[in-house]
Amino acid sequence: MQTDPTMNPIPRPAGGGHDFQAMYSPLGSLIRRQPVTVPLDASVREAIRAMDEKRIGSVIVTDAAGRLPVGIFTLRDLLHRVALSGGALELPIAAVMTAGVITVRPQTTAYQAALIMGHRGLRHLIVVDDAGRLTGIVSQNDLFALQRTGLADISSSIREARDLAALQDCAREIRAMALGLLERGTAADQLTHLISTLNDLLALRVIEQTHDEFDLPQVRWCWVALGSEGRYEQTLSTDQDNGIIFEAAAGETEALRQRLLPFAAEVNRKLDACGFPLCKGGIMAGNPEWCLSFEEWRGKFSRWIQTPEPEALLNASIFFDFRPLYGDEELSQRLRDWLLETTRAATLFLRLMAENALQSQPPLGMIRDFVYDRNKDFPHTIDLKLYGSRPFVDAARLFSLAHGVPATGTAQRLRGAAKETSLGADVEAMIDGFYFIQMLRLRRQNALQPGDAGANRVDPDSLNELDRLILKEAFRQARRLQDKLRLDYRL
């Protein structure tokens, strides 16, 4: 890792970096070998021979030209559909393969692929190009190094949950697993990723179950995650931030909203019952203000950008971190594309966002090590969310909006904008600083009961000498990011 020689690099926790970064890599960069295929008119014997020669557990069935995938045949299919059913090896592969395979594009991230696998209970995903032609295959084993932590077991429990009580049990399992990993020293980047992955699966299952309870309109709609959930940065103490985007013809918007709202409110209620408290600010899909048509979302974002008053800037810091969770993802992608195109040219808005991002100064003094706020309930403590992680999050968001980086995660935004912002290799030290602060937040939340106040506060005197030094360096990295904003926007 290259860093500024005048700064002390922040140590990366063991096992923290490359595996996690790979989870945000496109699948196209992770495929290591050509997929093994057999044509649709092949026999079971020919498919087994190909699998044996290559020492693999599956083979893709394609059209005669070998380009378009039409199915997959695995050892599991061999066991259940051939051996146990008394089938002959001369059967056509089309009779025993698994058809209707789920395909993804090369630009799909490993994180998204893992989420699809966990949600649908799949062991393989087939990768195709924009024309639907086969380019590769990824397996559960390729992606779930996290299976050692029991991710697969909890994913299965979530998928099989039939009622709210079962989902509440799953939520407790997620927290218990996260706490266990935290105590074993799992790095913050991996841990927040794991928490976000499982919380996504839980929310998806809640939405699925609730969907069946309502007669929803036959229109395109998408449930979006916002805030820390939208950035894949949930900690052990997090509330709900979500919304709905729906497509509406002229004159139909209000009627469609009224049909979606009872469903959204019920999802919010169930998520609350599973340990995700209702947002005190009402930023939830069950609030009519955040259950909007595509055109309404675009209009609201336009007003915030064109009239960047304090409330608009605050809203932008939450809502511009949206990502799709359930439904028609294309609606979310269209809104993201429009937003990035619009903000790149919004000079005044970006400047005011930069000013806003400088409001939370890292708590370092000129003489003393740390500077404390005047919180009467928690004296001699530092708010690690407001003064620690927020400077990184705000700067990364601004860089993404200014330079067209589509990612929503803080680390991915910083890496995506590294060249345009001239941060270069120094960005890795900044990301390390961000994740160290996240780790301290997780440790603090682990020491409290759910719902306790002060979940993001720490007394530096309670830290050992090494952690104090690293925390000080992490704050310096946040200050360097803010210095970059001052320079870019002449503040």
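For this structure, a couple of remarks:
- Candidate lysines for bridging to residue 270, where Cα separation is under 20 Å - those fewer than 8 sequence places away on the same chain excluded: 280
- Cα extents of the chain along the three principal axes, largest first (Å): 81, 57, 45
- For the range 352-489, the calculated P(r) over all alpha carbon pairs, in 10 Å bins from 0 to the bin holding the longest distance, is 12, 43, 32, 13, 1 percent.
- Relative contact order, percent, the chain [alpha-carbon distance under 8 Å, six or more residues apart]: 13 percent
- Cut-off 10 Å between beta-carbons: net charge of the residues surrounding residue 319, Lys and Arg +1, Asp and Glu -1: -1
- Among beta bridges from DSSP that stay inside the chain, the antiparallel ones total about 75%.
- Taking 193, 403 and counting other C-beta atoms within 10 Å, the order from fewest to most: 403, 193
- Spin-label model distance (nm) - residue 491 vs residue 102, 7 Å beyond Cα toward Cβ: 4.1 nm
- Amide H contacts of residue 323 (H built 1.01 Å from N, in plane; Pro and chain starts excluded): 225 sit under 5 Å, all sequence-distant by 5 or more or on other chains.
- For the range 146-343, the share of DSSP beta bridges that are antiparallel, to the nearest 5, is 75%.
- Peptides 345-357, 435-447 ordered by average Cβ neighbours within 10 Å, highest first: 435-447, 345-357
- Nearest-ten-degree value, helix 329-343 long axis tilted from longest Cα axis of the chain: 40 degrees
- ³J(HN,Hα), Karplus 6.51/-1.76/1.60, whole Hz, each residue of the range 74-90, x for Gly, Pro: 10, 4, 5, 4, 4, 5, 7, 9, 10, 4, 6, 8, x, x, 8, 6, 8
- Relative to the longest principal axis of the Cα atoms of the chain, the long axis of helix 110-120 lies at roughly 60 degrees.
- Partners for residue 300 among aspartates and glutamates (Cα-Cα distance below 14 Å; same-chain residues under 8 apart left out): 289, 309, 311
- Non-local Lys pairs in the range 352-489, i.e. 8 or more apart or on different chains, that have alpha carbons under 22 Å apart: 5
- Cα-centred dipole magnitude for the range 146-343, charges only on beta-carbon of K, R (+1) and D, E (-1), debye, nearest 20: 320 debye
- Sorted on the mean count of surrounding Cβ atoms within 10 Å across their residues, most packed first, peptides 168-178, 247-257 read 168-178, 247-257.
Read-outs throughout are calculated quantities, based only on the coordinates presented, and are distinct from any laboratory measurement. None of these values were measured; they are calculated from a predicted model. For neighbour counting, all protein chains shown are included, and Cβ atoms are generated from backbone atoms with ideal geometry for every residue, glycine included.
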